[in-house]
Amino acid sequence: MAITRRQLIKRASATGAGLMILPTGTLFGKNRPNNKLNIALIGAYGRAKAHYATLHDENVVAICEVNQKNLPYAVKEFPKAKVYEDWRKALDHPGLDAVLCCTPDHHHAFIANWSLNRDLHCFMEKPLAITVEESRIVRETYMKKKDKLATQVGMQRHAHPNFSRLREMIHGGAIGDLRDVAVWGNRQIPKPGYLAGIQPPDTLNWDLWLGPSPYRPFHPEYVKGKVGLNCLQWNMYWDWGVGQIGDMGSHTMDLVWNVIDAELPTSISVASPESLNRDVTPVNMSASYIFPANDWREDIRVTWYQGGAMPESPLDWVNLNAIGHGAWFKGDRGFIIADFRNRILYPYGAQADLTYFDPPSEDELEPPLEHFQKQWTAACRNGDPMNTACNFKYSADMIETMCLGLVGFRAGEGEGEMGERPTLTYDGANGLVTNLESANAFLTKPYREGYLMNG
Ligand SMILES: NC(=O)c1ccc[n+]([C@@H]2O[C@H](COP(=O)([O-])OP(=O)(O)OC[C@H]3O[C@@H](n4cnc5c(N)ncnc54)[C@H](O)[C@@H]3O)[C@@H](O)[C@H]2O)c1
């Protein structure tokens, strides 16, 4: 039976240069009697609430928050932490071991890269980055430090055993040779564009909220969402997010990414009924990627659908629209249709008896991941930093791919026109679109002066 990715990660880190056996109470050479991590929490409310319980097992020594209305919740949880407003200062808090970041998306790649540059372990909420270039910079820094720094991106659904079962079934041959994959999300958050601004309240440092992004005037809509869901108020805007391809896409594509052992695609074809809006990312689109063959499969096509665009159902009697966020895998002997927690196996053709498939025995099943956040804190502590499911290599490859979908959406199109969307060929080694020079402009975005990715 094919070995699982997690087992591979474990074996590599147990046999490779990354192995570091530490006596109890020692943390990468720093004496820490209780072996707790000194953590900076950046973006202290909203999604951060979901991390408070894990953080209570560590020392939260710094909190960074730009909204005085949100700050008291975190201060109540971690009263001993020093409070910062600017993450550039918080990252230099003395004695830090690690950073956990829950800010809006446009800070993520910056904070991830700055943390790695300071030799700090990093848990970054999804998405890890919002452009191709950001993804590549974070991955490059991470690859130099992977043997000593533990990283994780907040794709916590990955801890559900369904992720491992899908991988085992597909690698074990349950659907024969993998040929084609479709993955979709039905969330639709249409936005007209940036809103006419008003003066921000005194309680909000809007300048620091914008951070590396170009100046835009404040509007209360951007901060009035439900706790933990406020991201839906801003993540459709080009400046602050990646739209649904990187928001729910980070979770749903993870179902596929965990199976296919892909790195970067060689081509991207985008379809959308929408024309370019320079303020907001599209609602309805699909992006088809070709990934080269590897040692267990041929070339495959993976297509992401969002916002009303949907793949055809492989079975008339399975209504894919009833699965809000899901994926199907097509092999030459059958299909698997899955959501985050469930899967249906449908073998077809003359050999639908499944005799060709030897399911794993109980002791061959990948062990449960258990607690996603604690997998990271354990990896920070135990000298096995690569032993996290969604480290910055895995996650940067995936988000670079999703960002390429948005490059494909913009390529060859003028504002307000439907335009052609040509298939792009991509040179992943060099990070360049090779058949349409103008598309390379969309691999990055404008930034404000004073913010450098490599700070
Ligand atoms: N893993 C998941 O399932 C999941 C779920 C929800 C949100 N998220 C992610 O979490 C992140 C935050 O989402 P949210 O809904 O909590 O957003 P939010 O707008 O509520 O922001 C979170 C907190 O960060 C603060 N903040 C904003 N800019 C800051 C800055 N420059 N420095 C410090 N603090 C700053 C905000 O004031 C707020 O308290 C997003 O990246 C989102 O994608 C992940």
Note on the range 354-413: the mean projected area of its alpha-carbon convex hull, in nm², is 8.1 nm²
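So, counting K/R as plus one and D/E as minus one, what does the shell of residues with Cβ under 11 Å around His108 add up to?
On the way: positive: Lys126; negative: Asp105, Glu125, Glu134.
Net of charged neighbours comes to -2.
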With x for Gly and Pro, the residue-by-residue ³J(HN,Hα) of the range 426-436, computed from phi through the Karplus equation 6.51 cos²θ - 1.76 cosθ + 1.60 at θ = phi - 60° and given in whole Hz, is 10, 9, x, 5, 10, x, 9, 6, 9, 10, 8
Once amide hydrogens are built 1.01 Å from N within the peptide plane, the residues lying 5 or more places from Lys82 or on another chain with amide H under 5 Å from its amide H are Ala62, Ile63
Net charge (Lys, Arg +1; Asp, Glu -1) of residues whose beta-carbon lies under 10 Å from that of Ala90, Ala90 excluded, is -1
A correct Karplus calculation of ³J(HN,Hα) over the range 206-213, with 6.51 cos²θ - 1.76 cosθ + 1.60, θ = phi - 60°, whole Hz and x for Gly and Pro, returns 5, 4, 6, 4, 5, x, x, 7
From DSSP H assignment alone, runs of 4+ in the chain each adding -39500 (n - 2.57), the sum over residues rounded to the nearest 500 puts [θ] at 222 nm at -7000 deg cm²/dmol
Given the candidates Val138, Tyr222, Gly172, the one whose Cα lies deepest towards the positive end of the charge dipole of the range 137-252, counting +1 at each Lys or Arg C-beta and -1 at each Asp or Glu C-beta, is Gly172
FRET efficiency for Tyr447 and Lys89 from the Cβ-Cβ distance with R0 = 25 Å, rounded to 0.05, comes out at 0.85
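Answer rounded, prolate or oblate for the range 64-193, using the Cα gyration tensor with square roots of eigenvalues a ≥ b ≥ c: rounded when a/c is under 1.5, else prolate when a/b is larger than b/c, else oblate. Spell out each step's value before the answer.
Details: a/c = 2.05, a/b = 1.65, b/c = 1.24.
Since a/c reaches 1.5 and a/b is larger than b/c, the shape of the range 64-193 is classed as prolate.
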Given Cβ charges of +1 for Lys and Arg and -1 for Asp and Glu, the option among Trp304, Pro212, Val280 whose Cα lies farthest towards the positive end of the dipole of the chain is Pro212
Listed by chain and number, the aspartates and glutamates with an alpha carbon less than 17 angstrom from that of Lys445, same-chain partners under 8 positions apart left out, are Asp105, Glu133, Glu134, Asp239, Asp279, Glu400, Glu413, Glu415, Glu437
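For a quick check: sort Lys76, Lys126, Lys145 by the number of other beta carbons within 10 angstrom, fewest at the front.
Lys76, Lys145, Lys126
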For Lys374, the lysines lying under 17 Å Cα to Cα, once residues fewer than eight places off in the same chain are dropped, come out as Lys10, Lys36, Lys49, Lys126
Mean Cβ-within-10 Å packing, highest first, puts peptides 129-141, 272-284 in the order 129-141, 272-284
Residue separation between Asp202 and Tyr356 times 0.36 nm, minus their alpha-carbon distance, gives in nm 48.8 nm
Placing each pseudo-label 7 Å from Cα in the direction of the beta carbon, Lys148 and Val227 end up separated by a distance in nanometres of 3.9 nm
Cα pairs beyond 43 Å in the chain, in percent, come to 13 percent
Here the gain from full extension of Asp261 to Asp332, 0.36 nm per residue of separation minus their alpha-carbon distance, amounts to 23.7 nm
Karplus-derived 3J(HN,Hα) from phi for the range 286-299 (6.51 cos²θ - 1.76 cosθ + 1.60, θ = phi - 60°), whole Hz, x at Gly and Pro, runs 9, 9, 9, 10, 9, 10, x, 4, 10, 6, 10, 8, 7, 3
The simple spin-label model distance between Asn34 and Val318, using points 7 Å out along Cα→Cβ, in nm, is 4.9 nm
By the mean-Cβ-within-10 Å protection proxy, highest first, 359-366, 298-305, 432-439 rank as 298-305, 432-439, 359-366
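Please report, to one decimal in angstroms, the Kirkwood hydrodynamic radius of the range 117-207 built from all distinct Cα-Cα pairs. Don't jump to the answer; show the numbers that get you there.
On the way: mean 1/r = 0.0548 Å⁻¹.
Here the Kirkwood hydrodynamic radius works out to 18.2 Å.
Where a number appears in this text, it was derived from the coordinates with a stated rule and is not lab data. Since we're looking at a predicted model, the values are computed, not measured. FYI the Cβ positions are ideal-geometry reconstructions off the backbone, even for glycines, and counts take in every protein chain you see.
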